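The values are calculated or read from the model by the stated rules, or taken from the named source; none is laboratory data. What you see is a predicted model; the values in this text were computed from it and never measured. Cβ coordinates were reconstructed from backbone atoms using ideal geometry, including for glycine residues, and neighbour counts include every protein chain displayed.
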């Protein structure tokens with residue numbers, strides 16, 4: 001019986017032989033030797049059997065999984081809502097890219113970095129207004145009253161507020177005092193480098209993450225502390241980043257008692273072994289290290305030296321799979 005690809009099997013048949021493997025003669029076919037009984041047949045239930053679990057609660061619906069859900073005939077599935085996130089950057093010294101930049105000013109990079117990391121995690125930030133119209137963040141000068149007003153407005157509308165800058169102990173660092181006044185501080189300062197001044201608190205029902213202003217500190221604290229919190233809010237099955245390891249090409253010395261995150265380049269050797277090399281530019285304000293790097297090396301709090309060739313834990317930077 002001649003059938004086309006995907007057609008149901010005719011009654012009584014148990015094998016399909018592809019057209020290229022038969023010879024037609026006078027309305028009949030000759031099947032060549034070597035064909036296997038049951039070949040080219042896809043039985044019902046071969047992929048998923050009745051009652052089997054296709055996806056579990058807490059699994060992110062990636063491209064491959066959404067195809068599987070559609071293949072089950074599901075037009076709709078119940079999901080956890082994406083957290084509504086507002087980004088506020090602060091600092092008189094910051095200007096928007098493209099705007100005139102004075103001798104004591106620099107372009108605002110953190111707002112864009114945070115928004116990009118949020119987007120990679122499936123959380124769309126709010127769109128700014130005013131001078132930052134159509135931007136994924138709002139920028140505020142070092143004005144306590146303006147920052148206070150922005151925090152209250154954001155807390156009334158969003159699930160999560162992420163700020164950048166103004167979280168240390170300087171005269172223009174208003175955020176610690178404002179969070180304590182308007183809500184509650186859960187912790188302020190973490191034994192990590194870069195990123196020590198990070199603050200986590202709440203205002204009303206909104207979670208507030210105040211990240212340090214140095215660009216690399218912003219990225220490190222987001223990856224280590226903000227990303228797991230966002231995953232938890234979405235009931236994600238995988239909260240912490242996957243544990244990956246590589247071998248050092250050069251020794252590392254550390255003199256302080258904080259967990260350090262070193263920018264590094266990771267490559268694979270001919271035998272598949274991953275090797276990682278720390279960047280020379282390790283300053284928390286230096287984006288060169290992040291641009292040239294694809295991972296962060298995690299150096300534990302109590303570690304002082306790691307020899308070349310030893311394995312180290314690495315954390316993938318955003319955009320690295």
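Please tell me if residue 316 is touching a residue at least 24 places away in the same chain (Cβ under 8 Å), touching a strand residue (DSSP E or B) at 6+ places or on another chain (Cβ under 6 Å), surrounded by 12 or more Cβ atoms within 10 Å (Cβ to Cβ) and closer than 22 Å to residue 120 by Cβ. When the stated conditions are applied, residue 316 passes them. Scanning region 260-278 for residues that are within 22 Å of the chain's Cα centre (by Cα) and either within 21 Å of residue 106 (Cβ to Cβ) or in a loop (DSSP other than H, G, I, E, B) (or both) yields a single hit, 263.
Evaluation of residue 59 against the conditions (1) more than 22 Å from residue 7 (Cα to Cα); (2) exposed (fewer than 10 other Cβ atoms within 10 Å of the Cβ) shows that the sole unmet condition is (2).
In region 96-107 there is no residue that is under 14 Å from residue 139 (Cα atoms), in a strand (DSSP E or B), touching a helix residue (DSSP H, G or I) at 6+ places or on another chain (Cβ under 8 Å) and modelled with pLDDT of 90 or more. Of the residues making up region 191-203, none is within 17 Å of the chain's Cα centre (by Cα), in contact (Cβ under 8 Å) with a residue 24 or more places away in the chain, crowded, with 19+ Cβ neighbours inside 10 Å and in a strand (DSSP E or B). Against the definition (surrounded by 12 or more Cβ atoms within 10 Å (Cβ to Cβ) and in contact (Cβ under 8 Å) with a residue 12 or more places away in the chain), how does residue 14 come out, yes or no? Criteria not met by residue 14.
Quick one: would you say residue 241 is assigned to a loop (DSSP other than H, G, I, E, B) and crowded, with 22+ Cβ neighbours inside 10 Å?
no
Among the residues of region 63-70, is there at least one that is over 18 Å from residue 161 (Cβ atoms), modelled with pLDDT under 90 and surrounded by fewer than 11 Cβ atoms within 10 Å (Cβ to Cβ)? Yes; the residues of region 63-70 include at least one that is over 18 Å from residue 161 (Cβ atoms), modelled with pLDDT under 90 and surrounded by fewer than 11 Cβ atoms within 10 Å (Cβ to Cβ). Restricting to region 123-133, and then to whatever is exposed (fewer than 15 other Cβ atoms within 10 Å of the Cβ) and within 23 Å of the chain's Cα centre (by Cα), can you tell me which residue is modelled with the highest pLDDT? Filtering region 123-133 for residues that are exposed (fewer than 15 other Cβ atoms within 10 Å of the Cβ) and within 23 Å of the chain's Cα centre (by Cα), the one modelled with the highest pLDDT comes out as 124.
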